[in-house]
Amino acid sequence: MITFKDSTFHLRSQATSYVLAIAASGELVHAYWGAALREPEVLHRFNPHDIAFAPRLLQDRDDLIFSLDTTPREYPDYGRGDFRSPAIQVQTADGSTISALRYVSHSIRPGKPALEGLPATYVEADTEADTLEILLRDALTGLEVALSYTVFNELDAIARSARFTNKGSQPVRLLRALSASVDLPEAGFELLQLSGAWARERHVARTPLRSGMQSLESRRGASSHQQNPFIALLDPSATEDTGRVYGMNLVYSGNFLAQAEVDQLATTRISIGINPFDFSWLLEPGESFQTPEAVLVFSSEGLNGLSQRYHRLYRTRLCRGLWRDKVRPILINNWEATYFDFNAEKIEAIASTAGELGIELFVLDDGWFGHRNDDCTSLGDWTTDLKKLPAGLPDLVGRINARGLRFGLWFEPEMISPDSDLYRAHPDWCLHVAGRDRTEGRQQLVLDFSRPEVCDAIIEKISAVLASAPITYVKWDMNRHMSEIGSASLPPERQRETAHRYMLGLYRVMSEITGRFPEVLFESCSGGGGRFDPGILFYMPQTWTSDDSDAVERLKIQYGTSIVYPVSAQGAHVSACPNHQVGRVTSLAMRGHVAMSGNFGYELDLNQLTPEERETVRAQVALYKDLRGVIQTGTFYRLRSPFEGGDAAWMSVSEDGSRAVVFYFQVLAQPNPGTALLRLRGLDADRRYRVAELGRSLGGDVLMNAGLRVDFPHPGDFQSLIWQLERE
Ligand code: DGJ
């Protein structure tokens, strides 16, 4: 619901209010974001006794109080005395970088319009959300900015973005165009970020805010393993289940900036958007620029409350297509089983055992095309390697199908190997700058997806393979970051648009290919979880969470990922021991339970397992088939953090509340550990639940307040427990 009264907008969803107002001068001021208010009776936040720095810079001689520097602003521009970090900065034809955006008009409508060329949350019925659009104008240049706010009523989230249109007669250059900025009236928050590295993605880091700027960013041309386009501010006392938490997440897969700035008056400006570093965008008269969408979520029920809101929104109103609501297949992937060293017989042998054990999908990973026996060659040449698969791809797919499995295939569509026919034909199709070296990563270069003809060629090549055989799953990989970011097809004054134009091209390619093959399940990947962001989830409902398949490392990676992203988006596989990334040996049972906490699969040579291990796999597959509805679409609760102690626990409760599954993981055993009790969440306190593993039923009140006893039959490292609950 959105109301407008006394120059004040009140955006209200089920549990959240967001209030902004038009000041007498036409400046847009931010008034409130937090728990729902009945009426937006928000007091002016700035204190007239705050002199800040004398003399203050005043916008209006008749109003000695209103100063942009001490005012909470809604979409701060630059150059008129607000010394905090702006949301936008534009360079006008005279070379200056000042703007004065003031209110012109607004509209309030049911529903939510799509964002042209960009991924975004959506509605299926106009009653699900309302959208406020506020038009601002810089009178001198004619630059207009349409700020868009969509309030998802029941899903309890706000989506923000901005669209710039040059209505003047001179060109304007955007130097900075963030998607959202909010001035909160406090400074005592803690900042939570999801940071890491390859094989260590999205670790949770929580630190007190201090005076000045704290920022997270990517300059890699991808959202990245290193930082996720997400930032949260928390009350220092906030836990998984209590306290206020503010989250901002960018629906974008390229360079981003997320920052929190604590100012002299102990207020906090939190903002997110495309990284202004190495970015600019030229707007000729009449041209427009659309920013990506930022999704803002507030929770007064701690981090679980925040996560559950993001999960519901993303699972149901960001992900799309046939697979959005379908249970996901259990797969076997040959990468860690064979790497590049395979042939049709080897693949068939793995698939055959997989079929016997109940696995549903075989995924042929890297190495099936060109003459790719290692990672030095052939990207761009999407034709089957007949040395490895002499009877061709359709024949192999037929054989796998005959074993009862569907077939999936790996691609890396955005890349080109210098040793490829594509590169020999089109050496200028990669990102590069004339006269400079072309820095290779994993012996490959990045295709210039800012060029429509490059995108079109790749769409046709990938489509031809997908049309050639009954391929029902695609793993879409991306294995290096951008360097020498420049495009042979853009003029000098537009070179700094290349990285964003690449993203627009990528989204078009993904949209076209997924649209042509609506029945195919697409899983994105970027050297593991290097592009786990909501932008990609709009096109592909699941992502390979990390190249690190070690069960212990995965506890932190999956826990951190779940802060924002739903379980249904996380690929998780059981791999061989010693683990290929960290050399650790863990039990098959624990590896199974960790992988079952996401979209389950295997990534090992099943034929190397002992007969007993194979029976364990058979049982795991059967168990996951029974539980996957609860796990993939249930409400997820984090119970114990692997970042705080030597254990981890989480649970899922089915949408109708009738079933739940709880996982507990112990990393290292301790002598005399005492009695560990695990208190559950999300149950009905007044109902009883049958706990399969205990062979008895217990009250929801008991399970949530007294808890389950964590009891291993034998002491030992790397152990796990599962409890399956059924409401009586
Ligand atoms: C990186 C991915 O994350 C792996 O799973 C695998 O597909 C390799 N690339 C193949 O090159």
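The values are calculated or read from the model by the stated rules, or taken from the named source; none is laboratory data. The model shown is predicted, which means the values in this text are computed figures rather than measured ones. With ideal geometry, Cβ positions are generated from the backbone for all residues, glycine too; neighbour counts draw on all protein chains shown. To get the accessible areas, we keep the full protein, side chains included, count just its heavy atoms, and leave off ligands, DNA and RNA. Shrake-Rupley method; radii C 1.70, N 1.55, O 1.52, S 1.80 Å.
In the stretch 666-687, of all residues being more than 24 Å from Arg315 (Cβ to Cβ) and surrounded by 14 or more Cβ atoms within 10 Å (Cβ to Cβ), the one that is modelled with the lowest pLDDT corresponds to Ala676.
Take Asp626 and tell me if it is open to solvent by 30 Å² or more (accessible area, probe 1.4 Å), modelled with pLDDT of 95 or more, assigned to a loop (DSSP other than H, G, I, E, B) and farther than 17 Å from Ile557 by Cα. Considered against the rule, which asks whether it is open to solvent by 30 Å² or more (accessible area, probe 1.4 Å), modelled with pLDDT of 95 or more, assigned to a loop (DSSP other than H, G, I, E, B) and farther than 17 Å from Ile557 by Cα, Asp626 comes out as no. Evaluation of Ala469 against the conditions (1) part of a loop (DSSP other than H, G, I, E, B); (2) within 23 Å of Arg219 (Cβ to Cβ) shows that the sole unmet condition is (2). Taking the stretch 399-439 as the range and being open to solvent by 10 Å² or more (accessible area, probe 1.4 Å), touching a residue at least 40 places away in the same chain (Cβ under 8 Å) and small (Gly, Ala, Ser) as the test, the residues that pass are Gly404, Ala434.
Which ones in the stretch 409-453 are among the charged types (D, E, K, R) and assigned to a helix (DSSP H, G or I)? Residues satisfying the conditions are Asp421, Arg424, Glu453. Cβ separations smaller than 9 Å between residues 6+ apart or across chains give the following pairs from the stretch 525-541 residues that are under 20 Å from Tyr310 (Cα atoms) and within 16 Å of the ligand (Cβ to nearest atom) to residues that are part of a helix (DSSP H, G or I) and of a type in the set (Val, Ile, Thr): Gly529/Ile557; Gly529/Thr561; Phe532/Thr561; Met540/Thr514.
Between Gly370, Gly380, the distinction of being surrounded by 24 or more Cβ atoms within 10 Å (Cβ to Cβ), of a type in the set (Gly, Ala, Ser), in the same structural domain as Pro578 (by TED's automatic domain parsing) and within 16 Å of the ligand (Cβ to nearest atom) belongs to Gly380 only. Tell me which residues, restricted to the stretch 549-566, are over 16 Å from Glu644 (Cβ atoms) and surrounded by fewer than 24 Cβ atoms within 10 Å (Cβ to Cβ). Matches in the stretch 549-566: Glu553 only.
Any residue that is buried (at least 24 other Cβ atoms within 10 Å of the Cβ), assigned to a helix (DSSP H, G or I), in the same structural domain as Gln570 (by TED's automatic domain parsing) and within 16 Å of the ligand (Cβ to nearest atom) - is there at least one of those in the stretch 352-363? No, because not a single residue in the stretch 352-363 is buried (at least 24 other Cβ atoms within 10 Å of the Cβ), assigned to a helix (DSSP H, G or I), in the same structural domain as Gln570 (by TED's automatic domain parsing) and within 16 Å of the ligand (Cβ to nearest atom).
When Val204 is tested against the conditions (1) within 16 Å of the chain's Cα centre (by Cα); (2) over 23 Å from Leu313 (Cβ atoms); (3) buried (at least 17 other Cβ atoms within 10 Å of the Cβ), the lone failure is (2).
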